[in-house]
Amino acid sequence: MEYSAPQLFNRGPAPAVRLLLCVLLSLALLIADARFKYLHYLRQAVAVVVYPLQRLAGAPGVLLARIGDYFVTQASLRNENTRLNEQTLRNAAALQQFQALQAENAQLRKLLSARERFPESTIAAEILYGGRDPFTRRIIIDKGGQNGVRAGYPVIDPIGVVGQVTRIYPWLSEVTLITDKGHSVPVQNVRNGLRAVASGMGQDGVIELKFIPLNADFQQGDQLVTSGIDGIYPPGLPVAVVSHVERNASFLFAKITCTPSAGVSSHGHLLVLAWESSAPPRPAEEEKAVPAKKKKGA
Amino acid sequence: MATREARPQQILLPVKPAFIVLTLMMALIVNLLPWSGLALAIKPDFVALTLLYWCIHQPRKVGFVVAFLFGVVMDIADGSLLGQHALAYSVLAYAGIVLHRRVLGFSMRHQVLHVIPLLLLNDIIVLAIRAMAGSDFPGWLYFFGSLLGGILWPLLSWMLRLPQIPKPDPDHV
């Protein structure tokens, strides 16, 4: 007959049991987060708690930057002022032309009974810091749900497309860059109008065009802009410049790599485009009555 | 082989729980600093390091619950899959609790040799989870942070042991 003495020190479950419990709970969280997106509210709740810590952690850097700004010389300020004035003057000329072109465009579209493009409203944001996850290319900007940002809005900088807002918190947003592995932008070659899809490769500073046939007309130096077909990115925004085209007859597709036009430096100013696409609603599903009738007849 | 003199064991004051919480929060804040560029690529995971220290030195006080909660907080702060750091930190806490008597018996140099594989295991678990979720291998530099964390272990041990060293009584000596 087995007899064991009572436990002298009551310590609760053994470490291995506790580990098993933690592992099962972690796996449940992982699956729920990766597949079912159930944990949105948990994320928001914990993010609200973590936000003061993040602001606190970023405070020394912000303080140093402000002190550095305070000590800038008057000569450099004057030079920057002159440069900005010149640029504003040049932009004003282009803007006048743009307004005339916009009016003409609206007129022509009305003539052709084409759908109008809705003007976009923008939200100015600043990059707080680059994402710390080494497996994804993301940045964090300082405008969130409370400032009107919604998931899916495209983000641009003065030169080109930066990425797309993928997750919003009340006061912060996460932007996935176009260089992220799972991100694709439909683009169009400015020179000849060919359409392609530019996907990120997971590395900084390079994106690739996938599934381009070997004889497609892409050359080094071609400018790529968004084509607007997907309804997520407005058309005409610069995305990248083709940097390298490799046509090897032993592969099915050409290997085309491009350099993104937009720069993502540490302290950049970005614009979030609050753009809802003007695509028509999906057609209704057809009735599935025909096969049933056939069965009855036979 | 020269005989080594037995190191006199120092009697330490008990740890205050507030100090443990303070060190863990400081490690979290350092992890949340806006690291960028090379510093981001090679920085050690300070929360993992501090968690391992407390699991080894105070396994009764710091265990799975703390490790899991800090893992969830790190996941949400980093924006990664929810649960990857929780899993990795739980395994780290298990290793710390199971090995704590063994590790404390070694000299500081050999403790570093124990800590580095545990931190590398932490990295490998996160890498395995992300690989199953479809991410690419981020390069061998990804593991450098754990090596750096192991090298920082003696400094961390010394720093976190400072409040426990008994102050000499001024009236007595």
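The values are calculated or read from the model by the stated rules, or taken from the named source; none is laboratory data. Nothing here was measured: the structure is a model prediction, and the numbers come from that model. Here the Cβ positions follow ideal geometry from the backbone for every residue, glycine too, while neighbour counts run over all protein chains shown. Side chains included, ligands, DNA and RNA excluded: accessible areas come from the protein's heavy atoms. Shrake-Rupley method; radii C 1.70, N 1.55, O 1.52, S 1.80 Å.
In order along the stretch A:188-201, the Karplus-derived 3J(HN,Hα) couplings, from 6.51 cos²θ - 1.76 cosθ + 1.60 at θ = phi - 60°, round to 9, 6, 5, 5, 10, x, 5, 9, 8, 10, 9, 10, x, 10 Hz, and Gly and Pro are given as x. Positive end of the dipole of chain A (Cβ unit charges, origin at the Cα centre): among A:P186, A:L25, A:L89, the Cα lying farthest that way belongs to A:L25.
Shown in residue order for the stretch A:129-142 are the 3J(HN,Hα) couplings computed by the Karplus curve 6.51 cos²θ - 1.76 cosθ + 1.60 at θ = phi - 60°: 6, x, x, 8, 6, x, 8, 10, 9, 9, 10, 10, 10, 9 Hz (x for Gly and Pro).
Peptide B:25-38 is shielded by partner chain Cβ atoms: per residue, an average of 4 of them sit within 10 Å of its Cβ. Stokes-Einstein, applied to the Kirkwood radius of the stretch A:1-138 over Cα pairs at a viscosity of 1.002 mPa s and 20 °C, places its translational diffusion at 91 µm² s⁻¹.
The string of couplings for the stretch B:111-124 from the Karplus curve (6.51, -1.76, 1.60, θ = phi - 60°) is 5, 4, 5, 7, 6, 4, x, 5, 5, 5, 4, 4, 4, 5 Hz, one whole number per residue in order, with x for Gly and Pro. Database remark: amide H of A:A274 closer than 5 angstrom to the amide H of A:S121, A:T122, A:I123 (H placed geometrically; neighbours at sequence offset of 5 or more, or on other chains; Pro and chain starts carry no H). Amide hydrogen proximity for A:A240: with H placed 1.01 Å from N in the peptide plane, the residues at 5 or more positions away or on another chain lying under 5 Å are A:L224, A:S261. The stretch B:10-69 and the stretch A:137-169 have Cα centres spaced 32 Å apart. The angle between the Cα long axis of helix B:144-161 and the longest principal axis of the Cα atoms of chain B comes to about 30 degrees, rounded to the nearest 10. When you work out D = kT/(6 pi eta Rh) for the stretch A:115-214 at 37 °C and 0.692 mPa s, using the Kirkwood radius from C-alpha pairs as Rh and the Stokes-Einstein form, the result is 223 µm²/s. Put A:E86, A:E208 in order of accessible area, highest first, and with a 1.4 Å probe you get A:E86, A:E208. Annotation: amide H of A:R138 within the under-5 Å range of A:G131, A:L177, sequence separation 5 or more or interchain, hydrogens built in the peptide plane. Contact order for chain B, expressed relative to its length and based on alpha carbon pairs under 8 Å spaced 6+ residues apart, stands at 28 percent. Look at the alpha carbon pairs under 8 Å that are at least 6 residues apart: their mean separation over the length of chain A gives a relative contact order of 15 percent.
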